[in-house]
Amino acid sequence: VYLLFQALRQISQRTISTASRRQFENRVPEQQKLFQEDNGLPVYLKGGAKDSLLYRATAGLTVFGAMYTIYYLLVSSMPKKPN
């Protein structure tokens, strides 16, 4: 049991120590230049095509949700027909 515990502890330490050695490059200055550039675009669209797609999908879902809410309120406000 003690050997199993030691083996598990060794494996977990190796996993943690190798994960902490990874180095990521700092891309903050690149992003700052992109978002501070005066190109006439709003901030929520400066990320490119992906931002544009996300914006349009969100706007479309919002409009659809508002229309469905109004429809459901109208339907539920009508009296039920007798059978």
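Consider the stretch 52-83 and keep the residues that are outside any helix (DSSP H, G or I) and charged (D, E, K, R). The one that is least open to solvent (accessible area, probe 1.4 Å) is K81. The residues of the stretch 28-51 that are loosely packed, with under 10 Cβ neighbours inside 10 Å and either aliphatic (A, V, I, L, M) or touching a residue at least 12 places away in the same chain (Cβ under 8 Å) (or both), listed by number, are V28, V43, A49.
The values are calculated or read from the model by the stated rules, or taken from the named source; none is laboratory data. In this text, all values refer to a predicted model and were calculated from it rather than measured experimentally. A quick note on method: Cβ atoms are made from the backbone with ideal geometry, for glycine too, and the neighbour counts reach across all protein chains shown. Ligands, DNA and RNA are excluded from the accessible area calculation, which covers all protein heavy atoms including side chains. Shrake-Rupley method; radii C 1.70, N 1.55, O 1.52, S 1.80 Å.
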